[in-house]
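The structure under discussion appears below in the form of structure tokens.
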């Protein structure tokens, strides 16, 4: 059984609108698994929504200027997985550009997300966090 078109479009729209908390609240099932690949400070497996937001997403949001955005470049579908190539664009509070590229593998079960595996430039992410967290004390 594949992912319904309605769910695919909802997920894509939420990501494009940078509504990641809403994505997690409305589209994940009871299981929560978000894997950030790489060797950076935020690279790990998050098994709880609040842990993910407290230790990863909110930490990045705190050093970014408002209106950073995510642009969907490509989407691919298999029976139970949506693969999304994303370009992130924004500026950190210290005015440095943070333009990262992501590839998310979003695995579904019964039209609910059960796992997101995110690939990104973790060195770029670490640099923007370190420089801005130091600047902001």
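The values are calculated or read from the model by the stated rules, or taken from the named source; none is laboratory data. Given the structure is predicted, the values throughout are model-derived calculations rather than measurements. Here the Cβ positions follow ideal geometry from the backbone for every residue, glycine too, while neighbour counts run over all protein chains shown.
For segment 14-85, please list each of the strands (runs of 3 or more DSSP E) lying entirely inside it that holds at least 1 residues being under 15 Å from residue 102 (Cβ atoms) and either at pLDDT below 95 or touching a strand residue (DSSP E or B) at 6+ places or on another chain (Cβ under 9 Å) (or both). Break it down into steps so the answer makes sense when it comes.
Numbers: elements: 34-36, 44-46, 69-77.
Of the strands (runs of 3 or more DSSP E) lying wholly inside segment 14-85, those with at least 1 residues that are under 15 Å from residue 102 (Cβ atoms) and either at pLDDT below 95 or touching a strand residue (DSSP E or B) at 6+ places or on another chain (Cβ under 9 Å) (or both) span 34-36, 69-77.
Please work out if residue 103 is surrounded by 14 or more Cβ atoms within 10 Å (Cβ to Cβ), within 18 Å of residue 11 (Cα to Cα) and in contact (Cβ under 8 Å) with a residue 24 or more places away in the chain.
no
Kindly indicate whether residue 35 is surrounded by 15 or more Cβ atoms within 10 Å (Cβ to Cβ), touching a helix residue (DSSP H, G or I) at 6+ places or on another chain (Cβ under 9 Å) and touching a residue at least 40 places away in the same chain (Cβ under 8 Å). Please lay out each step first, then the result.
Working: surrounded by 15 or more Cβ atoms within 10 Å (Cβ to Cβ): yes; touching a helix residue (DSSP H, G or I) at 6+ places or on another chain (Cβ under 9 Å): no; touching a residue at least 40 places away in the same chain (Cβ under 8 Å): yes.
Taking the combined requirement at face value, the residue does not satisfy it.
Here are some conditions: (1) at pLDDT 95 or above; (2) within 28 Å of residue 128 (Cβ to Cβ); (3) surrounded by 13 or more Cβ atoms within 10 Å (Cβ to Cβ). Residue 93 meets all but one. Which one does it not meet?
Single failed check for residue 93: (1).
I need the full set of residues from segment 86-100 which are in a strand (DSSP E or B) and under 19 Å from residue 119 (Cβ atoms), in order please. Spell out how you get there, then give the answer.
Filtering segment 86-100 down to residues in a strand (DSSP E or B) leaves 86-89, 91-92, 97.
Result: 86, 87, 88, 89.
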